[in-house]
Structures are given as structure tokens and as C-alpha cells.
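Quick notes on the structure that follows.
Since every read-out is calculated from the coordinates, none of them should be taken as a lab result. For clarity, every value in this text was computed on a predicted model and none was experimentally measured. Heads up, the Cβs are rebuilt from the backbone with ideal geometry, glycines too, and the neighbour counts pull from every protein chain shown.
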Amino acid sequence: MKKFYQDDSAVSIAVGFILTFTITILTFTAIMNSSYLMMEQTEENVMREEFEIHGNNIALQLTEMDAMILIADSTGGSVEEMQSELLLPLTIASEYYTVEFSNSTSIIIFESKGRDQTRSEVPYNLESSNIESKTITSASGDHYLLYNSTSNLIEVY
């Protein structure tokens, strides 16, 4: 009488190959899936950091414009019109995005379409003027800020 665990007479090479192949495919799929998720998470982190950098640059531009207006007003002068170019890339991490200027909350909001995880809010502070509440998209090309003295408003184009 043979011991059961030593009896390999009913074992098929094809069954062993199929089992090994299936385990290999499942392991490969799990590794690829986890790699994809890590890459996507890294991409979102890069987008959020880039949004914060560009948001801080815009907040600095707004502060500089506001300071020039305030200095001109305090010395008895006036600023009729002032323009500043917004240097924004067309895409970040190969994605288009929107920039929302909110006058009521004094926040600049960057967001990539369909990715709430990339949303970045950057505060700004204006002392002597207001900014037009508006949303612009990166896909629409070049943008700039224009100060209009008659309405004391920084308009976004």
C-alpha cells in the first residue's frame, strides 16, 4: 500500500502548468494594479503642489498690483490702468485645469476636471481694490490681470 502524499500517478503536467500560470497571472495583475494606483496618487500630489505654486504666484501678483495702487493713492497720484500677465502652463501632469477667483472668500481655487483630490485653495489679501469673481480654464490660452480704475476692480482675462 502506497502513502497518499507520495503517490503522483494521477497528477497531470497540464494541471500543474495551468495552476502555475494562473497564480503567475494573478500575482502580475496585483502588482500592476498597485503600481498604477501609486503612480496615480503621485500624479495627484504633483498636480496639487504645482497648483499651490502657481496659486501663490498669482496671489503675489495681486498683492503687488494692490500695493502699487495703494502707494499711488496714498501719495496723491492715481493708477488709470495696470496689466499683469498670468504665467500659467497649458497643462499640469498632462491635464487641463480651472482657476477660480473668488472675491467674496478671497481665495484662488485650482482644480483639475474630475479630480477633487487635486483641488488647491490659495488665499490672497487685497487692501485697496477688489478682484472680479471669475473662473478661467488653462485650455483657453494666455491670461492676464487688468486693473480698471473706474470700477476699482482687477479684472481677469
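With θ set to phi - 60°, apply the Karplus curve 6.51 cos²θ - 1.76 cosθ + 1.60 along segment 107-123 and write out the HN-Hα couplings as whole Hz, x wherever there is a Gly or Pro.
Karplus-based 3J(HN,Hα) across segment 107-123 equals 10, 9, 10, 9, 7, 8, 4, x, 10, 5, 5, 8, 4, 9, 10, 10, x Hz.
Can you list residues from other chains, or at least 5 along the same chain, whose modelled amide H is less than 5 Å from the amide H of residue 144?
86, 157
For segment 47-62, what does the Karplus curve 6.51 cos²θ - 1.76 cosθ + 1.60, with θ = phi - 60°, yield as ³J(HN,Hα) per residue in whole Hz, taken in order and with x for Gly and Pro?
Each residue's phi maps through the Karplus curve to give 4, 4, 5, 5, 4, 5, 4, 5, x, 5, 5, 5, 4, 5, 4, 4 Hz.
Treating each Cα of the chain as an identical point scatterer and ignoring solvent, apply the Debye formula and state log10 I(q)/I(0) at q = 0.12 Å⁻¹.
One equal scatterer on each Cα of the chain leads to -0.64.
Could you rank the peptides 86-92, 60-66 by their average count of other C-beta atoms within 10 Å per residue, with the highest value first?
Values: 86-92: 14.4, 60-66: 16.9.
Going from most to least packed, we get 60-66, 86-92.
So for segment 13-156: antiparallel DSSP bridges make up what percent, rounded to the nearest 5? Could the numbers behind the result be given before it?
On the way: 26 of 28 bridges.
Percentage antiparallel, nearest 5: 95.
Just how far, in whole angstrom, is segment 109-157 from segment 37-67 if you go by their alpha carbon centroids?
The distance from the Cα centre of segment 37-67 to that of segment 109-157 comes to 13 Å.
List the residues, sorted by chain then number, that are 5 or more residues from residue 152 or on another chain and whose placed amide H is less than 5 Å from its amide H.
Here the answer is none, since no amide H 5 or more places off falls under 5 Å of that of residue 152.
What are the residues whose amide H is under 5 Å from the amide H of residue 82, where those residues sit 5 or more places off or on another chain and H is modelled from the backbone?
147
Once phi is turned into ³J(HN,Hα) by the Karplus curve 6.51 cos²θ - 1.76 cosθ + 1.60 with θ = phi - 60°, what whole-Hz value does each residue of segment 71-88 show in order, with x for glycine and proline?
In residue order, the calculated couplings are 5, 5, 5, 6, 9, x, x, 8, 10, 6, 7, 9, 10, 9, 7, 8, 8, 10 Hz.
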